[in-house]
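The values are calculated or read from the model by the stated rules, or taken from the named source; none is laboratory data. Keep in mind that what you see is a predicted model, and the values were worked out from it rather than measured. Note: ideal-geometry Cβ built from the backbone for every residue, glycine included; neighbour counts use all protein chains shown.
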Amino acid sequence: MTPRLAVIAVTLAVMSYPFAASPADQGLITKRSNYSVQETVERFENAIKTKGFMVFTEVDHAAAATKYGLDLRPRTVIVFGNPKLGTAPMQKFPTLAIDVPPKALVWQDDQGAVWLTYNSAEYLGATIYPRHGLSMPPEARQALEQLLSEVSDQSTK
């Protein structure tokens with residue numbers, strides 16, 4: 001088989017594969033925002049701060065693409081957390097720092113709609129924490145899910 005035929009065969013195989021798992025199946029929660037990207041970012045950051053968390057940084061992927069002469073619709077990642085909650089686990093399990101603090105993504109789709117996406121507490125507790133030898137008790141998952149739901153609703157509605 002020639003290299004070109006191999007590429008075509010792989011492409012057809014991928015395209016004919018049954019529907020891929022939706023983002024919700026992979027631990028992502030996405031909510032449509034009634035606001036612009038910038039306003040959604042500001043609302044998220046204000047809401048998370050009122051809950052006792054801090055914003056560590058923002059990553060503006062569109063601005064980075066522009067520096068290289070590329071176009072990208074707005075995509076801003078907000079890195080946030082609470083050192084009072086996260087420091088002790090990282091002291092015992094240093095590799096946890098590769099996956100936390102948590103992040104939220106504010107992005108615009110091709111039709112101009114704005115969205116907020118973040119990892120669910122269930123995903124963090126069932127996938128991220130065990131990856132590093134940690135467990136997240138059900139009551140902690142529930143509290144985190146409530147916090148994320150409230151903050152995301154305040155950011156988007």
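Hey, among Lys67, Lys51, Lys31, which residue is exposed (fewer than 10 other Cβ atoms within 10 Å of the Cβ) and either at pLDDT 95 or above or on the phi > 0 side of the Ramachandran plot (or both)? Give the derivation first.
Numbers: Lys51 fails: exposed (fewer than 10 other Cβ atoms within 10 Å of the Cβ); Lys31 fails: exposed (fewer than 10 other Cβ atoms within 10 Å of the Cβ).
Only one candidate passes the filter, namely Lys67.
Looking only at the range 115-144, count how many residues are touching a helix residue (DSSP H, G or I) at 6+ places or on another chain (Cβ under 8 Å) and under 19 Å from Arg32 (Cβ atoms).
5
Within the set of pairs 6+ apart or on separate chains, which have a first residue in the range 36-65 that is farther than 20 Å from Gln111 by Cα and of a type in the set (Gly, Ala, Ser), a second that is part of a loop (DSSP other than H, G, I, E, B) and at pLDDT 95 or above, and C-beta atoms under 9 Å apart?
Short answer, once both residue conditions are applied: Gly52/Asn82; Ala64/Leu70; Ala64/Leu72.
Identify all residues within the range 102-125 that are in a loop (DSSP other than H, G, I, E, B) and either touching a residue at least 24 places away in the same chain (Cβ under 8 Å) or under 19 Å from the mean Cα position of the chain (by Cα) (or both); write none if there are none.
First pass over the range 102-125, keeping only residues in a loop (DSSP other than H, G, I, E, B): 102, 109-113, 120.
Pro102, Asp109, Asp110, Ala113, Ser120, listed by residue number.
Limited to the range 75-101, what total is found for residues that are touching a residue at least 40 places away in the same chain (Cβ under 8 Å) and closer than 22 Å to Glu42 by Cα?
1
Among the candidates Ala113, Ala97, which residue alone is more than 21 Å from Ile48 (Cα to Cα) and modelled with pLDDT of 95 or more? Explain how you work it out, then say what you get.
Working: Ala97 fails: more than 21 Å from Ile48 (Cα to Cα).
Unique residue meeting the criteria: Ala113.
Of the residues Leu85, Leu96, which is in a helix (DSSP H, G or I), touching a His at 6+ places or on another chain (Cβ under 9 Å), closer than 25 Å to Ala126 by Cβ and among the hydrophobic types (A, V, I, L, M, F, W, C)? Break it down into steps so the answer makes sense when it comes.
Working: Leu85 fails: touching a His at 6+ places or on another chain (Cβ under 9 Å).
Of Leu85, Leu96, the one residue that is in a helix (DSSP H, G or I), touching a His at 6+ places or on another chain (Cβ under 9 Å), closer than 25 Å to Ala126 by Cβ and among the hydrophobic types (A, V, I, L, M, F, W, C) is Leu96.
Within the range 126-150, restricting attention to residues that are among the hydroxyl-bearing types (Ser, Thr, Tyr) and part of a helix (DSSP H, G or I), which residue is farthest from Ala88 (Cα to Cα)? Working first, answer last.
Step one: list which residues in the range 126-150 are among the hydroxyl-bearing types (Ser, Thr, Tyr), which gives 127, 129, 135, 149.
Narrowing the set further to residues that are part of a helix (DSSP H, G or I) leaves 127, 129, 149.
Details: Thr127: 19, Tyr129: 13, Ser149: 25 Å.
My answer is Ser149.
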